[in-house]
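A short write-up of the structure that comes next.
Nothing in this text is a laboratory measurement; each read-out follows from the coordinates by a stated rule. The shown structure was predicted, so the numbers you read here are calculated from the model rather than taken from an experiment. Positions of Cβ are generated from backbone atoms using ideal geometry, with glycine treated the same way; all protein chains shown enter the neighbour counts.
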Amino acid sequence: MQELHRGKQSVVFPNFPAIEANAAIVGKKEGEGPLREDFDQITQDTKLNQASWEKAESELQKTALELALGKASLNYDDLDVLFAGDLLNQCISSSFAVRDTKIPFLGLYGACSTMAESLLLAASFVNAGYSRRAGAITSSHFASAERQYRFPLGYGGQRTPTAQWTVTGSGCCIVSSSGKGPFVECATVGKIQDFGIKDANNMGAAMAPAAVDTIRQHFEDFGRKPQDYDLIVTGDLGVLGKQIVLEQMKLDGFDLTGHYDDCGVMIFDSVRQDVHAGGSGCGCSASVLCGHLLRRMREGKLKRLLFCATGALLSPVSSWQGESIPGVCHAVSIVSERR
């Protein structure tokens, strides 16, 4: 049997599962940002004609799934399994979104790392032959996240300079045993990193150590360097977290200059849009990947991408009890051609 494990934390996919189709839907504010031309749908009604913000987030996921399936001329029945998760308690956005689809469902919680986690698992199932097609999907919504993690919107609380704006959006990938690609080449599973940061309004600093650890481990496990990638992109560290990653990786001997960016920085215009340190939420990296990045790969502008979604594994209860914020980051290498 072929050994599929690499180094300490990584796996390879010799069958190169294909991202057969992908789709991204975002809200009005995200649609006003610099990546607006790359999203499949921009909704002007952030409630999506639903009775609550939480139902609106479920509608985001359902729409992203249907858009991705439609691109490949597929139906719900064509998916063997769906990996999905979100930020809300008990992942209600995901389970409610697909409860009428009859697709076999595996719910995930990786916080904002969920897009990388779901893509990694979907590729694993397809590569091993457990599935012919698997879906990977996640979402977030500004208003539902605010209600759960911070204050009701009507409270009008002042944001700190390090705070980030939760993205209203969803991204979906359909991973298949056949297709024209892009292809999932390999992945590195992250470890929990906790440097004692307790400020829930400083997620970038809380998650940056996990990004550094996973990227560094990925290079070690595969004997690679930053120059082996056209782009290395983290999930939603924002301006502060991105700077921490750049500085720490340089201290570790890896200069990411010219090869690195962050989805939380990319999705908004920090000068024109008031988002403080940038974007965050599961839908941030999901919509940037499934909209902007995979489009660039299909257009031939990127040949090899290292997608490193990051997650802050806190809850309202853990914050109220004075706990620190553990972080995690999973890295997925995506290539435009089978190698």
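Observations on the model:
- Listed from fewest to most Cβ neighbours within 10 Å, the set Val288, Val233, Val184 follows the order Val233, Val184, Val288.
- The charge dipole of the range 170-298, taken about its Cα centre with unit charges on the Cβ atoms of Lys, Arg (+1), Asp and Glu (-1) only, comes to about 400 debye.
- Most to least packed among 309-316, 128-135, 22-29, 297-304 [average Cβ atoms within 10 Å]: 22-29, 309-316, 128-135, 297-304
- √(5λ) per eigenvalue of the Cα gyration tensor, the range 81-229, largest first, Å: 29, 24, 12
- With R₀ set to 25 Å, the beta-carbon distance separating Arg147 from Arg99 gives a calculated FRET efficiency near 0.70.
- Computed E for Val271/Asp230 - FRET, C-beta separation, R0 22 angstrom, nearest 0.05: 0.25
- Computed from label points 7 Å out along Cα-Cβ, the spacing between Thr257 and Arg338 is 4.0 nm.
- Inter-label distance for Gln50 and Arg216, nm, one decimal - labels placed 7 Å from Cα along Cα-to-Cβ: 4.0 nm
- Percent of beta bridges antiparallel (DSSP, the chain, rounded to nearest 5): 65 percent
- Sequence-distant contacts, meaning Cα pairs under 8 Å at least 6 residues apart, place the relative contact order of the chain at 25 percent.
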